[in-house]
Amino acid sequence: MASLQVSDLSKSYFGKVAISNLNFSIPKNRITGLLGPNGAGKTTVLRILTGFVQPDQGSVLLDGVSLKKDPQTIKQRLGYLPESSAIYPEMTAGEYLDFLGNARGMESSFFKKRKKEVLDICDLKSQTFSLTGILSKGTRQRLALAGALLHDPDWVVLDEPSSGLDPIQISHFREIVRNLGKDKIVLLSTHILSEVEETCDHALVLHKGNLVADLPVSEFKRSDSVLLSAKTEKETLEKIFEGKNIRILSSEKEGEYSKFRLESSSLKPEEIFEIVRKEPFPILEFKISQKSLESVFQDLVSR
């Protein structure tokens with residue numbers, strides 16, 4: 001299975017550290033989001049991965065092929081959609097793809113096949129003969145993506161792909177990206193947390209040049225704390241939990257029932273449930289506390 005492997009990647013500009021000792025891998029069939037506040041190092045990472053900037057140290061390997069030793073091979077397998085794409089307004093959408101195909105030296109029959117495929121993938125068949133200068137921003141963005149996919153790359157880098165798009169255009173674009181993740185290595189850089197939550201399977205979080213998280217998106221929202229609503233008192237629970245490493249973080253009375261927030265550093269939520277369900281008092285609700293991606297992100301970058 002194709003994969004991108006980044007090892008000990010570091011880069012400084014004029015003595016200021018941009019990124020420091022980054023290590024991560026991105027496999028095929030996964031959409032990975034690259035998150036971080038302004039100045040976190042996202043742009044530097046993208047510039048290195050796409051071959052525009054050389055790192056001070058570290059390596060980037062695509063299926064074992066070194067970006068430093070064989071940059072041409074890596075770039076031929078890369079589809080890159082920058083935040084601002086150069087689309088010539090005097091060309092039609094079809095002419096723009098023709099231009100890119102000629103620039104890449106694509107073989108004629110392969111180019112014709114891929115041109116039809118990317119027009120279909122990006123829903124641009126009806127715009128083939130339209131001047132790009134009169135297209136909406138969302139349509140131009142889809143055309144830029146079609147250009148990035150024209151040579152059928154193994155891995156795709158998307159830099160702020162939905163910036164400036166309206167909600168309908170964003171939804172359409174996300175659907176295209178999710179389909180790409182079925183058979184390609186996809187890295188999506190964004191500062192929009194909902195973009196990662198809606199589109200990505202995995203997330204890398206940068207802060208001040210350091211990688212502070214490398215987890216599936218589902219794990220970002222997981223919490224070890226649980227919410228319990230039961231007809232019992234705090235003192236009763238404290239006796240039940242004595243010696244079991246379960247803390248009661250908060251309690252609130254709601255009529256006949258009380259709502260408790262519980263946490264344990266050693267027990268899983270389902271293990272806590274097994275303890276309380278054996279007790280005689282009625283349980284109205286027991287659920288894992290879900291944090292928003294925004295709150296998790298704030299926690300990560302404030303540590």
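Output the number of the condition that GLU95 fails; it satisfies all remaining conditions of (1) touching a Phe, Trp or Tyr at 6+ places or on another chain (Cβ under 8 Å); (2) modelled with pLDDT of 95 or more.
(1)
Output the number of residues of region 154-180 satisfying the condition of being under 24 Å from GLN5 (Cα atoms) and in contact with a helix residue (DSSP H, G or I) (Cβ under 8 Å, 6 or more places away or on another chain).
Of the residues in region 154-180, the ones under 24 Å from GLN5 (Cα atoms) are 154-161, 177-180.
Filter once more, keeping what is in contact with a helix residue (DSSP H, G or I) (Cβ under 8 Å, 6 or more places away or on another chain): 156-159, 161, 177-180.
Of the residues in region 154-180, 9 are under 24 Å from GLN5 (Cα atoms) and in contact with a helix residue (DSSP H, G or I) (Cβ under 8 Å, 6 or more places away or on another chain).
Quick check: anything in region 55-70 surrounded by fewer than 20 Cβ atoms within 10 Å (Cβ to Cβ) and over 26 Å from the mean Cα position of the chain (by Cα)? Break it down stepwise before answering.
Kept after step one, since they are surrounded by fewer than 20 Cβ atoms within 10 Å (Cβ to Cβ), are these residues of region 55-70: 56-59, 61, 63-66, 68-70.
From what's left, over 26 Å from the mean Cα position of the chain (by Cα): 69-70.
Yes, region 55-70 has at least one match.
For LEU9, are the conditions met, namely being assigned by the TED database to the domain that holds ASN179, closer than 28 Å to ARG140 by Cβ and open to solvent by less than 20 Å² (accessible area, probe 1.4 Å)? Write out each step before concluding.
Values: assigned by the TED database to the domain that holds ASN179: yes; closer than 28 Å to ARG140 by Cβ: no; open to solvent by less than 20 Å² (accessible area, probe 1.4 Å): yes.
Spelling it out, it is not the case that LEU9 is assigned by the TED database to the domain that holds ASN179, closer than 28 Å to ARG140 by Cβ and open to solvent by less than 20 Å² (accessible area, probe 1.4 Å).
Taking PHE129, is it in the same structural domain as GLY39 (by the TED database), farther than 30 Å from PHE260 by Cα, free of Cβ contacts under 8 Å to residues at least 60 places away in the same chain and open to solvent by 50 Å² or more (accessible area, probe 1.4 Å)? Write out each step before concluding.
Details: in the same structural domain as GLY39 (by the TED database): yes; farther than 30 Å from PHE260 by Cα: yes; free of Cβ contacts under 8 Å to residues at least 60 places away in the same chain: yes; open to solvent by 50 Å² or more (accessible area, probe 1.4 Å): yes.
For PHE129, the condition - in the same structural domain as GLY39 (by the TED database), farther than 30 Å from PHE260 by Cα, free of Cβ contacts under 8 Å to residues at least 60 places away in the same chain and open to solvent by 50 Å² or more (accessible area, probe 1.4 Å) - is met.
If you check LEU119 against the conditions, is it touching a residue at least 40 places away in the same chain (Cβ under 8 Å) and not acidic (Asp, Glu)?
Numbers: touching a residue at least 40 places away in the same chain (Cβ under 8 Å): no; not acidic (Asp, Glu): yes.
So LEU119 fails the test.
LEU150 - would you say it is buried (at least 19 other Cβ atoms within 10 Å of the Cβ) and touching a helix residue (DSSP H, G or I) at 6+ places or on another chain (Cβ under 8 Å)?
On the way: buried (at least 19 other Cβ atoms within 10 Å of the Cβ): yes; touching a helix residue (DSSP H, G or I) at 6+ places or on another chain (Cβ under 8 Å): yes.
Answer is yes for this residue.
Name the one entry in LYS28, LYS116, LYS11, LYS112 that is modelled with pLDDT of 95 or more, more than 30 Å from SER130 (Cα to Cα) and among the basic types (Lys, Arg).
Numbers: LYS28 fails: modelled with pLDDT of 95 or more; LYS116 fails: more than 30 Å from SER130 (Cα to Cα); LYS112 fails: more than 30 Å from SER130 (Cα to Cα).
Among LYS28, LYS116, LYS11, LYS112, only LYS11 is modelled with pLDDT of 95 or more, more than 30 Å from SER130 (Cα to Cα) and among the basic types (Lys, Arg).
Output the qualifying pairs, or none if there are none: Cβ atoms under 6 angstrom, residues six or more apart or on different chains, first residue in region 229-255 and over 13 Å from VAL276 (Cβ atoms), second residue in a helix (DSSP H, G or I) and open to solvent by 70 Å² or more (accessible area, probe 1.4 Å).
Within 6 Å, the pairs are SER251/LYS234.
Do we find that LEU46 is open to solvent by less than 30 Å² (accessible area, probe 1.4 Å) and part of a strand (DSSP E or B) in this structure? Give the steps one after another, and end with the answer.
Numbers: open to solvent by less than 30 Å² (accessible area, probe 1.4 Å): yes; part of a strand (DSSP E or B): no.
No; evaluated as a whole, the condition is false for this residue.
The values are calculated or read from the model by the stated rules, or taken from the named source; none is laboratory data. All figures in this text were calculated on a predicted structure; none of them were measured in a lab. Because the Cβ atoms are built from the backbone with ideal geometry, glycine has one as well, and the counts that use them run over all protein chains shown. For the accessible areas, the whole protein counts, side chains as well, though only heavy atoms, and no ligand, DNA or RNA atoms are used. Shrake-Rupley method; radii C 1.70, N 1.55, O 1.52, S 1.80 Å.
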